[in-house]
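The next block holds one structure in the form of structure tokens; read it before the comments.
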There are 2 protein chains.
Amino acid sequence: MDINDEKLIKLFHSRGFKVTPQRLGICNYVLKSTDHPSAEKIYSNIKKKYKTISRATVYKTIALLKEMGLISELNLNTTPSRYDPNQNIHVNIICPKCNSISDYESEVVEEFFLNLKSELDNDILGQNLDVYKICETCSKKK
Amino acid sequence: MDINDEKLIKLFHSRGFKVTPQRLGICNYVLKSTDHPSAEKIYSNIKKKYKTISRATVYKTIALLKEMGLISELNLNTTPSRYDPNQNIHVNIICPKCNSISDYESEVVEEFFLNLKSELDNDILGQNLDVYKICETCSKKK
DNA sequence: TTATCAATTAATAATCATTACTCTTTGATA
DNA sequence: TATCAAAGAGTAATGATTATTAATTGATAA
């Protein structure tokens, strides 16, 4: 999602949420991320700018972003949770060695979802598609 | 998976694992389950037969079953974890209201996986496909 | 511009699934 | 039947997340 402060402020106001510097900082960071960060990653990053920020604030802002439909919490059975601002239909390719995650979009994925959706009476509320595969970096390492 | 004590005993022996009544009990229960039980569900069930069984034993046996490739831990961001003995390619249809899970297999799912696999150089190590949809029971309740 | 007040933050405690640990028991082998 | 590593029971520890509480701060309206 292409995002900036102005858009975020409008979104918050339209939902009746207050605009705070911490929120803007966390949201900007998460929405621009491509590495599927954990709460801890988000926390340690935002801490650079807001020295006294608390983990609770990070978790609450994550919940806010989920509620607004701007990010998804990935369905991994690993802890901690990881978050993704990509709301297109895609497959998460997860490397079991280094836990890196990359999004994969293709015709095949798109079509599958449409076909499945029609098989399931078109009332799917959400989806999560994961595939495990050693990433390039790890397969080179050997 | 069609399972019985005889098969399980062979499996354990072939892997060098000891055969214990607790193990047989837990494995039988999980492998025959269709409701994607949690560790706690497994524990409370097996407790009926083995009064002094410990959760640690349940968790260790679950790990054993995963290691043997007989069950999968579902990728849900909800806690506790849920387990599935169905090792066919399938979609987990999850009801966000009651957290029930049902397996869905079809041509569409099968073909998608084969196509995706070939797109990803055929070296997929595992997969997890989830879809959220209100179950029949919950949609009736209203 | 300032007063008001509910929403938000920071800090900390609590929760709870899971894992680690320790000691006791037991299955498998010779 | 003795031996011993593996497994079990019980309990403590871990760690991510959530709840709580008191202080702070946006947003609104006088």
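What follows draws every value from the coordinates through simple rules; no lab data is involved. Quantities reported herein were computed from a predicted structural model and do not represent experimental measurements. Cβ coordinates were reconstructed from backbone atoms using ideal geometry, including for glycine residues, and neighbour counts include every protein chain displayed.
Between the amide H of residue B:81 and those of B:39, distances stay under 5 Å, these residues lying 5 or more places away or on another chain, with hydrogens modeled in the peptide plane.
Backbone amide hydrogens, once placed in the peptide plane, bring residue A:126 within less than 5 Å of B:132, excluding anything fewer than 5 places away on its chain.
Which value results for Rg/Rh of segment B:88-141 when Rg is the Cα radius of gyration and Rh the Kirkwood radius based on the inverse mean 1/r? Using Cα coordinates only, the ratio equals 1.11. In chain A, the inverse of the mean reciprocal separation of distinct Cα atoms equals 16.7 Å; this is its Kirkwood hydrodynamic radius. Toward the positive end of the charge dipole of segment A:53-141, about the Cα centre and with charges on Cβ (Lys, Arg +1; Asp, Glu -1), which of A:88, A:71, A:122 goes farthest? Checking the options against the dipole of segment A:53-141, the answer is A:71.
Applying the criteria of a DSSP loop state and at most 14 other Cβ atoms within 10 Å to the trypsin sites (Lys or Arg not before Pro) of segment A:1-49 yields A:18, A:48, A:49.
Quick check for me: using +1 on Lys/Arg Cβ and -1 on Asp/Glu Cβ, what's the dipole size of segment A:88-141 about its Cα centre, in debye to the nearest 20?
For this selection, approximately 580 debye.
Per residue of peptide B:112-121, the mean number of Cβ atoms on other chains within 10 Å of the residue Cβ is 5. Note on B:83, B:104: ascending count of other Cβ atoms within 10 Å places them as B:104, B:83, the fewest first. Bridging of residue A:51 to lysines at a Cα separation below 24 Å is possible for A:18, A:32, A:41, A:60, once same-chain residues fewer than 8 apart are set aside.
Along segment B:122-135 the Karplus relation, 6.51 cos²θ - 1.76 cosθ + 1.60 evaluated at θ = phi - 60°, assigns HN-Hα couplings of 6, 10, 7, 8, x, 7, 8, 10, 10, 9, 9, 7, 4, 6 Hz to successive residues, with x for each Gly and Pro.
Across segment B:27-44, rounded Karplus estimates of 3J(HN,Hα) from the backbone phi angles (6.51 cos²θ - 1.76 cosθ + 1.60, θ = phi - 60°) give 4, 4, 4, 5, 5, 8, 5, 10, 9, 6, x, 8, 4, 5, 5, 4, 4, 5 Hz, Gly and Pro being marked x.
The distance separating the Cα centre of segment B:59-93 from that of segment A:55-96 comes to 21 Å.
Ranking A:29, B:19, B:52 by Cα position along the charge dipole of the protein assembly as shown, where only Lys, Arg, Asp and Glu carry charges on their C-beta atoms, puts B:52 farthest toward the positive end. Based on every Cα atom in segment B:1-83, Rg and the maximum pairwise Cα distance Dmax equal 12.2, 36 Å.
Put a plus charge on the Cβ of each Lys and Arg, a minus charge on the Cβ of each Asp and Glu, and nothing anywhere else: the dipole of chain A about its Cα centre is then about 1280 debye. Value of Rg to Rh for the protein assembly as shown, rounded to two decimals, is 1.01; Kirkwood radius and Rg both from alpha-carbon coordinates. By the helix-only formula, in which each DSSP H run with n ≥ 4 contributes -39500 (n - 2.57) and the sum is divided by residues, the protein assembly as shown has a 222 nm mean residue ellipticity of -13500 deg cm²/dmol. Legend note: in chain A, cysteines whose Cβ sits 4.7 Å or more from every other cysteine Cβ are A:27, A:98, A:138.
Within the shell defined by Cβ-Cβ distances under 15 Å, the residues around residue B:67 carry a net charge of +4, with Lys and Arg each +1 and Asp and Glu each -1. Remark: the protein assembly as shown carries a charge dipole of roughly 2200 debye about the Cα centre, counting +1 on each Lys and Arg Cβ and -1 on each Asp and Glu Cβ.
Cross-link partners for residue B:141 among the lysines, with Cα-Cα distance under 17 Å and sequence neighbours closer than 8 places in the same chain left out: B:97, B:133. Here the Karplus relation 6.51 cos²θ - 1.76 cosθ + 1.60, evaluated at θ = phi - 60°, turns the backbone of segment A:61-66 into coupling constants of 5, 4, 4, 4, 4, 5 Hz, with x for every Gly and Pro.
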